[in-house]
Amino acid sequence: MAADPRTAVETVTVIVDGKEHKFPKGMNLLEACLSVGVKIPFFCYHPGLSSPAVCRQCLVEIKGAPKPVPSCYTAVADKMEVTTNSPRVLEIRRQMLEFTLLNHPIDCPVCDKAGECSLQRHYFDWDGKLARNEGDKVRKAKVVDVGKHIVLDQERCILCTRCIRVCNEVAKSPDLTIANRGSHSVLTTAPGQRLDNPYSLNTVDVCPVGALTAKDFRFARRAWELCATPSVCPGCATGCSIEIHASRGKIHRLVPRENPLVNKFWMCDEGRFTYKAVTENRVRLPSIDGKRATLPAALAEAARLLGEDLAGAPQRVGVVFSFQATNEDTHVLLRLALDGLKIERVYAGGRALGGSDTILVSADKNPNTTGVVRTVPPPLRTLKELTRDLATGALTTVLVLGNEALPVAAATPVTVIVLASNKGPLVAAANVVLPIAMWAEVDGSFANKDGLVQRLHAAVPCPGEALPGWEVLARLGGKLGVEMAYASASEVFAEAAGRHGFLKDAVWGDSSRPVQLRFGESRG
Amino acid sequence: MASEALARRRVVFGESEVSDFDEGDLPTEVMPLQMGPSHPAMHGTVRITLEVEGEKIKTADVQVGYLHRCFEKEAEYATWTQIFPYTDRLNYVSPMLNNVGYAMAVEKLLAIDTKVPERAQYIRVIVGEISRITDHLTCLAAGAMELGAFTVFFYLMKGREWLYELLEDVSGARLTHSYVRIGGVVADLPDGWPPRLRAVLGKVQSAIRDVDKLLTRNKIFRDRMDGVAVIAKEEAAGWGLTGPVARSTGLAYDVRKDHPYLVYDRFDFDVPVGSAGDNFDRYAVRLEEMFQSMRILEQALAKIPDGPIILDDPRVALPEKRETYNTIEAMIAHFKLVMDGLHVPAGEIYSFSEGGNGELGFYIVSDGTGRPVKCRVRPPCFANVSILPKLLPGLFIADVVPTFGMLNMIGGECDR
Amino acid sequence: MAVTVKVVARPAGIRGHTYLVAVAEGMWVTFRHLMKNFPGNVLGLRKKTDIATLSYPEEKQAYPARNRGLHRLMKRENGDVRCVACMMCPTVCPAHCITIVPEEAPDNAVEKRPRIFEIDELRCVVCGLCVEACPCDAIRMDTKVHAPPTLRRADAILDMEALLARGEPSIATQGGTGPFWREKV
Amino acid sequence: MADSIFAFFARHLPYDSAGFAAFAALLKSAVFILGFVMLLAGILTWMERRQSAMMQDRLGPCRANLGRFKAWGLLHFVADAVKMIFKEDFIPPKASKLLFALAPMLALAPVLIATAVIPFGAPLCYGRMTEAVPLGVCALPVEMQAARLDAGLLFYFAIASLAVYGTVLAGWASHNKWALMGGMRAASQMMSYEVTMGMAVMAMFLVYGTLEPGAMVNAQGNRPWQWGIWGVPQAIAFVLFLTAAIAENKRTPFDIPEGESEIVGYFVEYSGMRFGMFYLGEFIEIITSSAIAVTVFFGGWRFPFAGTLAASWPNWLFVLLSVGVWSLKVFLFCAFQLLIRWTLPRLRPDQLLKLGWQRLLPLSIANVVLAAGWVLFSR
């Protein structure tokens, strides 16, 4: 490969455990060792944060150095000879771990971190010796309500300062600090202060032990029972990469997934609660005029209404796209409404704009605005125009994907066919309701505000009789004489990718099976 | 005369010239007969589709699998420790042997098989040999009962019950012991247990002697067993037969002798073999093996050392409860072992031991996580039963019972 | 050690060739048992007989100390359930018969306790792994009680109340309290 | 009082009248068959389990109590009867209904009829029942035997061999291969062993010179060493008879038609009381064959000091005692048969036939010759 002057970096040769490796100059020695598969334990180091070298777990021996050095605080240098597994290093690490465990409470049974705890993992991997200590442990405060979303247990804290650095460096809101000295050191907020910054839950993620735990997830499930599915946060147009943690068909939390292009290691607190919409207030069964109906009957009724109105006054039939729908749903609605039924009045909308910051949060609270705008050919009318058209009677029939707060009152003589996932005024007013799956229940894709296309994976089963939107639309198309045969979302995606430029370079990827945290590598 | 009549029939009825019958026998119509899966002699539910002429068997099609419980698939969804209750249910008349066999396989993959404390190894030998006796007692009891000798059944079952009681004292359950753990056993022998074992062995011996008097020289029994279902020595090796079935043919293969494991090389015992390879030899070999097992038991009771009963390594065995309650180190080890399962290094291994019916093998594959990728069992009686379709033709329906009984198929193990 | 092979005998002789002698010998064995058991069986003098069975509801065999019976939940000194819903037992249970729903305990020193604790005794395979996995001495199987027969399947699901009914205060020390706990009982 | 009743009978039913014969036969069959055979058969069903339990170191059935009346579970046979009567009477859909229903009756009736010729006590002296009557001096004896036939044992064989029809029909009518196989096994087995059994009795016929069971009893003495079994041909005949009788009963080691663990047996499709009839028939056969063996080989009702007692006790009491002694002998013999049944394994059909035709039959024929010689030279 020809050296590109912009990216070419100077490399240095380092010998790690007798093997020669080349690393870019200035690289962190710990990262370098990890990148070549050499295992070194650490508590305080975090790839997204600065290195204070306080835990002393990542000590390595460097030839020429008088004593072991913390690898997370050392940059690689040419001709460096590193030993990571000498008996001396291993013994020092073990002793450091023994110190760490000295005052650690015997809390595994009640600690939410058990199962994804770094302390548990490192003890098991690097120590494995029974206790020598028989003395009393230092007691500190437990169950401290430290913030809106967070509970602190000072006994469990191993003083790694990761959380302090997350507040300082990521949230730019220095809320936490360490007080007192020696074995009486505690993690705490300033008197009268609370840990209430919009990125506070990241402290829970980075906490290697169970000192900081999320109130929302507190005692909901043990960590090892959860299954992790990669997905994308639907909270705003940023599209942070996340992992859905679900157990027995129910989502329990969302955690950020490393993605250097979007969110690095972080995620806002607001986005973490977007899963609530998946578990609450769902439309489970199809209905016609508010009465429970079978799916074929509801599809037939929807087709009848649409067909009649299209035959009568095609110009008064409208279709509403959703900025929250996946590219696949959007594409199939495009094929059905625009290609097949030749509906001309095309609207699109989503959640209203909200607050934003310079860290991750976007003002556009819809995850797929970019995808919809780039899929549906203009003119794309707004919801405001829809309101006007409904009021003036220019529209008599609408086919709605998603359940935006449409200005449809129950008395309005408008035929509404809605593919809905959550209950709301629109569902209450609709003539035909077809339940569809939400983002966590389908395979699909979103395009974020920068046009980056990211994959969604189904983490939990669809509730009731709900189906993915594209499937409902394809079946509705079948009733209306618009034949669309898709066996899976990936087929829809393949067709869409062939038609819409922004999907051209996107790769569908594998259908990943959820990994149970218990048998996947421990997340500690 | 008879042959002429037969020839005439052939001409008249167009019957085949080629006949399996002795010249002079009147040919009868072949009758298909379903023996099992619900048949009193087909313990462990197996189906034998017979074609019989009168009572003589022409062909036999043995169909196993009616007791299939997906052991191997279940094992893929269980941690290494959770598999122990499943192994109890493989050969359910000698669960300890399965426990031990499985534990040995995992220990080999963990490379701790030589570090298992000596006392634990002796305990494993002791409970294993008791299990072997219960296995043989059950086999002979059921075999005799199916021949109509009901009293023998009760004499032997009585002995088995005493031994089960001892095993219950040790493990807490009569049959589903789940007693062995990776790295050792779950609890030490109870106080005062060895003398009780010695007393019970004496009683079992006298029960076996009674049975010996009732059967061994009894001409009715001998008529039923002698020369029936003869297996040649080469044949036994060729079909992969092991255990008492193989030894009855004269093939002196015993894993305990040929590939000693645990502490078997420290005991003095004989490998009983047969000379004719018929059902009687299988009966006699089992009878003798019980006495040999008792010899081993006596030696083991005399030699058993004091010491720990499970490996002192919190990464393999759960720490002592007192430590778990009171120290974070043990608590963490405890949690890790339960929630993540034992971390068995990636790799595969075949480990085998002498089960009640022969070579009991476990082939396990690990990918380094807490669960096996594959846990395959080589059940001895699956191989043993495989020869049944070859043995049966030419015998009578009544011979199926002792032949099947002496092969000693255990459904739980064969079908898994 | 060399393989020592012992060829089993196939005894024949006069006894093996006639029916009557061996039959008589066998009948002598059974007759001896008959005579030995006769007084016990008829007069109830069980002690002197070989009779191995029990007249069950009246006579019961003592269970060994390690017997695994119905589950029970242990109590704290104040009578609360000792379990902290750590989920070790449902995790280790190969039969998935334990259901626990945790909740926040009012006592901050306890933090967590089960709101629902149910064991489906029909699913239970009585392997005892839950007792082994319990880090708090909360669940035990030493009741020496068999799962009783029930008319409906749902009745075999024991809830926390039923499990606590047999519970006792546990004497196990916990939490490493005080120095030199190893020397304490 | 008693005298007036006897007088009444003597006046209205003279000894040689047909009415007396009929009345006496009815009374005897009623008392003997219902009162003894059926009851003992019932008790045997319990005893079979209880005795085998004792042989096998078990407790056996001991739970059928009537309130405080326990009696070691003796009432189990009542419970069994009640259970069998109330059990579902299932007939397989494809079975031949008539024959299916007929088979148990054909199995039970002949064995009941065959008991008619068995003498079960010393003769009652009509008209002198309250006096002491020495043996053999009674002028008007009422034989304790439902039917006194000169053909005696031949009648027994003739009727008992009908029982095979019940078995074969049951096997055939059940529309089940296993049952059919059992029926076929039963047919071949019972026919084979009848020959041996006949030959064994033939030897005894030569010894006694009569086929009438009562006369055979009379031919034996009171003391045990005067009973029919003593003598080489008689002992051989006894073993042959016993073997054949067990084979006729279809009990272990000759339970091949049942062969419970092999083919389950000819009655595999039977349930409830229909099965109960086979079961009962089997036990009555045990009693019958025991009774015949006792009659022919063990002196019937005879016992030591019978002569002295007969000459000193009132006649009715002595007859009662003799019936009791006879019952005890039969009972012990039944127990002996149970002992055999619970000790031995089962033969294989071909071995059974081989034993029957190649061993027992030649032996029994030789024994007839031997008996003939014995008779010739011992007189």
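The values are calculated or read from the model by the stated rules, or taken from the named source; none is laboratory data. Everything numeric here is computed off the predicted structure, so don't read it as measured data. Neighbour counts are summed over all protein chains in view; Cβ atoms, including those assigned to glycine, are modelled from backbone coordinates with ideal geometry. Protein only, heavy atoms only, side chains kept; ligands, DNA and RNA dropped before computing areas. Shrake-Rupley method; radii C 1.70, N 1.55, O 1.52, S 1.80 Å.
Values for this structure:
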| read-out | value |
| --- | --- |
| Selected from B:216, B:287, B:319, residue furthest toward positive end of dipole (chain B; charges at beta carbon) | B:319 |
| By accessible area with a 1.4 Å probe, ligands and nucleic acids excluded, highest first: order of D:378, A:445 | D:378, A:445 |
| Principal axes of chain A: Cα extent on each, largest first, Å | 89, 58, 37 |
| Net dipole in debye of chain A [+1 Lys, Arg Cβ; -1 Asp, Glu Cβ; about Cα centre; nearest 20] | 960 debye |
| For the stretch B:170-181, 3J(HN,Hα) per residue [Karplus equation, 6.51 cos²θ - 1.76 cosθ + 1.60, θ = phi - 60°, Hz, x = Gly/Pro] | 6, 10, x, 9, 5, 10, 8, 5, 6, 9, 7, 10 |
| Convex hull (Cα only) mean projected area of the stretch A:11-101, reported in nm² to one decimal | 5.6 nm² |
| Most fluctuating residue given options D:327, D:96, D:17, as computed from a GNM of chain D linking Cα atoms under 10 Å | D:17 |
| Percent RCO, i.e. relative contact order, over the stretch C:24-165, from Cα pairs under 8 Å lying at least 6 residues apart | 27 percent |
| Selected from B:176, B:151, B:403 as most flexible by GNM, with chain B as the system and alpha-carbon contacts under 10 Å | B:151 |
| Nearest-10 value in Å² for the accessible area of residue D:227, using the 1.4 Å probe | 40 Å² |
| Residues residue D:336 and residue D:377, FRET efficiency given R0 of 22 Å [Cβ-Cβ distance, rounded to 0.05] | 0.10 |
| Stokes-Einstein diffusion coefficient of the stretch A:334-470, Kirkwood radius over Cα pairs, 25 °C, 0.890 mPa s, in µm²/s | 150 µm²/s |
| Efficiency of FRET between residue A:218 and residue C:95 - r from beta-carbon atoms, R0 41 angstrom, step 0.05 | 0.90 |
| Given A:250/C:112; C:48/D:83; A:19/A:63; C:36/D:329, the pairs whose alpha carbons are separated by over 26 Å | C:48/D:83 |
| Per residue, in Å², the accessible surface of the protein assembly as shown once ligands and nucleic acids are set aside, probe 1.4 Å | 40 Å² |
| Whole-angstrom Cα spans of the protein assembly as shown along principal axes, big to small | 138, 89, 78 |
| Pairwise label distance in nanometres, residue B:313 with residue B:230, each label 7 Å out on the Cα-Cβ vector | 5.2 nm |
| Kirkwood hydrodynamic radius (C-alpha pairs) into Stokes-Einstein, chain D, 20 °C and 1.002 mPa s, D in µm²/s | 97 µm²/s |
| Theoretical ellipticity at 222 nm over chain D - DSSP helices of four or more residues, -39500 (n - 2.57) apiece, nearest 500 | -20000 deg cm²/dmol |
| Chain D: most fluctuating residue of D:93, D:224, D:213 per GNM, C-alpha cutoff 10 Å | D:93 |
| Pairwise Cα inverse-distance average, inverted: Kirkwood Rh of the stretch A:1-158 (Å) | 17.8 Å |
| Considering only chain A, percent of DSSP beta bridges that pair antiparallel, nearest 5 | 65 percent |
| The stretch D:245-379: relative contact order in percent, alpha carbon pairs under 8 Å with at least 6 residues between | 31 percent |
| Net dipole in debye of the stretch D:243-346 [+1 Lys, Arg Cβ; -1 Asp, Glu Cβ; about Cα centre; nearest 20] | 420 debye |
| Spatially proximal lysines relative to residue D:354 (Cα-Cα < 28 Å; intrachain offsets below 8 disregarded) | B:56, B:58, B:213, B:219, B:390, D:177, D:250 |
| Residues with amide H under 5 Å from that of residue A:400, placed H, sequence gap 5 or more | A:320, A:417, A:418, A:419 |
| Placed amide H near residue A:515: partners under 5 Å, 5+ positions off or other chain | A:228 |
| Extension gain (nm, one decimal) between residue A:504 and residue A:184, 0.36 nm per residue minus Cα-Cα | 109.4 nm |
| For chain A, with +1 on Lys and Arg beta carbons and -1 on Asp and Glu, the positive-most of A:57, A:247, A:190 along the dipole | A:190 |
| Hits among lysines - C-alpha to C-alpha of residue B:321 under 16 Å, sequence gap 8 or more where chains match | A:129, B:336, C:184 |
| Radius of gyration, Dmax [the stretch B:79-183; alpha carbons; angstrom] | 15.1, 50 |
| Average Cα contact separation per residue, chain D, under 8 Å, 6 or more apart, as relative contact order % | 23 percent |
| Rough spin-label spacing in nm, given labels placed 7 Å along Cα→Cβ, for residue A:138 and residue A:353 | 5.2 nm |
| Selection from B:80, D:332, B:246, by position along the positive dipole direction of the protein assembly as shown (Cβ) | D:332 |
| Two-site label geometry, residue C:107 and residue C:5: point separation in nm, points 7 Å out along Cα→Cβ | 7.0 nm |
| Free-standing Cys, chain D [no other Cys Cβ under 4.7 Å] | D:62, D:334 |
| Chain B: calculated mean residue ellipticity at 222 nm from DSSP helix runs of at least 4, using -39500 (n - 2.57) | -14500 deg cm²/dmol |
| Backbone HN-Hα couplings from phi across the stretch C:75-81 [Karplus 6.51/-1.76/1.60, Hz, Gly and Pro as x] | 10, 7, 5, 8, x, 6, 5 |
| Whole-Å distance, taken between Cα centres, linking the stretch A:237-305 and the stretch B:245-261 | 63 Å |
| Alpha-carbon radius of gyration plus Dmax, which is the widest Cα pair, for the stretch D:199-323 in Å | 18.3, 57 |
| Student exercise, the stretch B:357-416 dipole from Lys, Arg, Asp, Glu Cβ charges, in Debye to nearest 20 | 220 debye |
| Protein-only accessible surface order, largest first, of C:54, A:473 at 1.4 Å | C:54, A:473 |
